[in-house]
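**Student:** To start, I am sharing the structure in question, which I have written as structure tokens.
The values are calculated or read from the model by the stated rules, or taken from the named source; none is laboratory data. Please read all numbers here as calculations on a predicted model, not as lab measurements. All Cβ positions, even for glycine, are placed from backbone atoms using ideal geometry, and neighbour counts span all protein chains on display. Please note that ligands, DNA and RNA were not included when accessible areas were found on the heavy atoms of the full protein model with its side chains. Shrake-Rupley method; radii C 1.70, N 1.55, O 1.52, S 1.80 Å.
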Amino acid sequence: MTKTAIIYHSGYGHTAVVAEHVAKGVTEAGGEAVLLKIESAAQDFSAILDEASTADAIIFGAPTYMGDISAPLKAFFEASSKVWFTLGWKDKVAGGFTNSLSFAGDKANSLSSILTLAMQQGMIWVGTGLAPGAHSNSDAAPDVVNRLGYYVGVATQSDNAAPDITPPPGDREFARLYGVRITEITKKMRG
Ligand SMILES: Cc1cc2nc3c(=O)[nH]c(=O)nc-3n(C[C@H](O)[C@H](O)[C@H](O)COP(=O)(O)O)c2cc1C
């Protein structure tokens, strides 16, 4: 069985919902999903780094804050320089997701930050593999998968409301399908 580590930060619980749906997809596709939550930029990251090093795939997620990944994930990325010295994550499968309030909100920049980290670590990036779900405002209903039209990674949008109701069902399904896709690709790569 392939193992996927989902390493994420979530200040207010919305990105955590996305992480849980990615994990659901991993499990449904027959993989093992390990959710690893980053609590703060100041924490000791050793346990998460060790756990990630045993995974076949690592998916990173964070809310978009001020147009980029939140500081706790960035701090974790800097801590992962320890792994970079030995190329310890080379050829592991990688992916990323971000959630924010605005429909755009500069989420592409957050995904780009995650992609760059994965490339620095020599990982193999997997995009969403899905067509955009909407081509007009009237198409972009909350139950539409990939309603924001992202290819690089999963981008979701939550309103200013509790995480049990937002992000909406289409975004949750988008995250689940990404977990399935990454697991199917990881299985092929690991034989
Ligand atoms: C410090 C801060 C900066 C933010 N910057 C952005 C932003 O650049 N773009 C955006 O669309 N939303 C922004 N937001 C809104 C968050 O992305 C949104 O509330 C998201 O749901 C938070 O996810 P979380 O609940 O996982 O922390 C910001 C929120 C905070 C607290």
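**Student:** Using 7 Å Cα-to-Cβ label points, what is the ASN109/ASP50 separation (nm, one decimal)?
**Tutor:** A separation of 3.7 nm, rounded to one decimal place.
**Student:** Still on this model: Kindly sort SER158, SER113 by accessible area of their heavy atoms, largest first, with the probe set to 1.4 Å.
**Tutor:** Values: SER158 5, SER113 30 Å².
Of SER158, SER113, the descending order of accessible area is SER113, SER158.
**Student:** Considering only Cα-Cα distances, which of the following residue pairs are longer than 24 Å: LYS37/LYS74; LYS37/LYS82; LYS90/LYS188; LYS82/LYS188; LYS3/LYS90?
**Tutor:** Numbers: LYS37/LYS74 13 Å; LYS37/LYS82 19 Å; LYS90/LYS188 17 Å; LYS82/LYS188 28 Å; LYS3/LYS90 15 Å.
Long pairs (Cα-Cα over 24 Å): LYS82/LYS188.
**Student:** Hey, another quick one. Of the candidates LYS74, LYS37, LYS82, which one comes out as most mobile in a Gaussian network treatment of the chain with C-alpha springs shorter than 10 Å?
**Tutor:** Taking springs between Cα atoms under 10 Å, the residue moving most is LYS82.
**Student:** A follow-up question, please. Between GLY129 and residues 5 or more places away or on another chain, which pairs have amide H atoms under 5 Å apart, with H built 1.01 Å from N, and which residues are they?
**Tutor:** Result for GLY129 returns nothing.
**Student:** Determine ³J(HN,Hα), in whole Hz, for all residues of the range 61-73 in sequence, where each value follows from phi through the Karplus function 6.51 cos²θ - 1.76 cosθ + 1.60 and θ = phi - 60°; x replaces Gly and Pro.
**Tutor:** x, 7, x, 8, 10, 6, x, 7, 4, 5, 4, x, 5
**Student:** Indicate, rounded to the nearest 5 percent, the antiparallel portion of the DSSP beta bridges found entirely in the chain. Please report the intermediate quantities before stating the final value.
**Tutor:** Working: 2 of 27 bridges.
Among the beta bridges of the chain, antiparallel pairing accounts for roughly 5 percent.
**Student:** Computed over the Cα atoms of the range 3-190, what is the ratio Rg over Rh, Rh following Kirkwood?
**Tutor:** Values: Rg = 15.2 Å, Rh = 16.1 Å.
That ratio equals 0.94.
**Student:** If you average the alpha carbon positions of the range 161-191 and of the range 21-48, how far apart do those two centres end up, in angstrom?
**Tutor:** That distance is 13 Å.
**Student:** Work out from phi, with θ = phi - 60° and the Karplus expression 6.51 cos²θ - 1.76 cosθ + 1.60, the ³J(HN,Hα) of each residue of the range 17-27, listed in order in whole Hz, and give x for Gly and Pro.
**Tutor:** 4, 4, 4, 5, 6, 4, 4, 4, x, 4, 5
**Student:** While we're on this one: Grab the beta carbon distance between LYS37 and ASP139, set R0 = 41 Å, and tell me the FRET efficiency rounded to 0.05. Could the numbers behind the result be given before it?
**Tutor:** On the way: r = 34 Å, r/R0 = 0.82.
Rounded to the nearest 0.05, the efficiency is 0.75.
**Student:** Under 10 Å, Cα contacts only: if you run a Gaussian network model on the chain, which one of ASP68, ASP159, ASP56 comes out with the highest mean-square fluctuation?
**Tutor:** ASP159
**Student:** Compute the helix-to-body angle for 107-120: its Cα long axis versus the longest principal axis of the chain, expressed 0 to 90° and rounded to tens.
**Tutor:** 20 degrees
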